[in-house]
Each structure stands twice: as C-alpha cells, then as structure tokens.
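We did not get these values from a lab; they are worked out from the coordinates using the rules stated. Since we're looking at a predicted model, the values are computed, not measured. So basically every Cβ, Gly included, is an ideal-geometry build from the backbone, and we count neighbours across all protein chains shown.
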Amino acid sequence: MEKLRLNDHRRYPRTKVQWSGVIKYRDHIIEVTTVDISVQGIMVESSFKVKTNQHAMLMLNCNFNNKKAVLYAKTRVKQIRVSQYKFNLILIFEEISPKFRNFIDNFVSASQNF
C-alpha cells in the first residue's frame, strides 16, 4: 500500500522552512521564524501572542537557490497554537505582490520534488 503524503489533501501545499523575519502588530515589532509556508499563508513561531483576525505586516528574509529576497506582505492572523514556550501564528496573505507569490510557489514546488 502506498504511503499518503501529508500535503496530498491540501489545496495549497506547504513546505517546512526556517527564515527569519518580523511582523508589525499594532505598535509592536515582533521577531519571528518561519515554520512552514505556502502561497496562501505562513506559519511563524513567535514569543509574543497576538489576537486572531487582526492584521499584521510581515517582512521576511528569504533564501532560495542562492537568491535572497525580502518579502513584504499584509497578513491576517487566522489561528494561534501554543508550542512549548512559543506561539505558532498562522498568517494568511491578504496582500502580496505577484513576484513574491511566484517566488513562494517556486520554492514550495521545488521542495515537494525532494
């Protein structure tokens, strides 16, 4: 019997990655590290808890195939999960440039092939 892949049932496949960045939430600048990413959104790890359904601006330092980019996106906090001493924030991209969406799509597609 063939093993089911975790992402087979997802509309937007995601992949694990560790990129550093910050989110601007209200008057706070919060350091985050990515857990995983898809073209729809991103999960980041933070030591600061935020509220769901709030907007946050994301700035992320990306590195893929020796290409470095700084991704900027307007996000909405969809869900918060507690993970030991940190919070996993699930952010949905609300405004992101087509160039960055394509960058993420290429990254996820390349990662799925490994």
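Of all residues in region 30-54, count the ones that are of a type in the set (D, E, K, R), assigned to a strand (DSSP E or B) and more than 9 Å from the chain's Cα centre (by Cα). Talk me through it step by step, then tell me what you get.
Narrowing region 30-54 to residues of a type in the set (D, E, K, R): 31, 36, 45, 49, 51.
Next, only the ones that are assigned to a strand (DSSP E or B) stay: 31, 36, 45.
So of that shortlist, the ones also more than 9 Å from the chain's Cα centre (by Cα) come out as 31, 45.
Matching residues across region 30-54 total 2.
Would you pick out the residues in region 76-91 that are without any contact (Cβ under 8 Å) to a residue 24 or more places away in the chain and more than 10 Å from GLY41 (Cβ to Cβ)? Step through it out loud before you land on a result.
Initial filter on region 76-91 (without any contact (Cβ under 8 Å) to a residue 24 or more places away in the chain): 76, 81-82, 84.
Of everything in region 76-91, those that are without any contact (Cβ under 8 Å) to a residue 24 or more places away in the chain and more than 10 Å from GLY41 (Cβ to Cβ) turn out to be ARG81, VAL82, GLN84.
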Worksheet item: Take the residues of region 7-29 that are closer than 25 Å to VAL108 by Cα and among the aliphatic types (A, V, I, L, M): which is nearest to the chain's Cα centre (by Cα)?
Response: VAL17
Fill in: Matching residues in region 38-55 - criterion: being over 11 Å from GLY21 (Cβ atoms) and either among the hydrophobic types (A, V, I, L, M, F, W, C) or in contact with a His (Cβ under 6 Å, 6 or more places away or on another chain) (or both)
VAL39, MET43, PHE48, VAL50
Worksheet item: What are the pairs, 6+ residues apart or on separate chains, where a residue within region 55-75 that is within 16 Å of PRO98 (Cβ to Cβ) has its Cβ under 6 Å from a residue that is surrounded by fewer than 14 Cβ atoms within 10 Å (Cβ to Cβ) and charged (D, E, K, R)?
Response: LYS74/GLU94; LYS74/GLU95
Item to complete: Mind counting the residues in region 67-89 that are outside any strand (DSSP E or B) and either at positive phi or touching a helix residue (DSSP H, G or I) at 6+ places or on another chain (Cβ under 9 Å) (or both)?
Response: 1
Practice prompt. Looking at (1) outside any strand (DSSP E or B); (2) of a type in the set (Phe, Trp, Tyr); (3) buried (at least 19 other Cβ atoms within 10 Å of the Cβ), find the lone condition where PHE93 falls short.
Written response: (1)
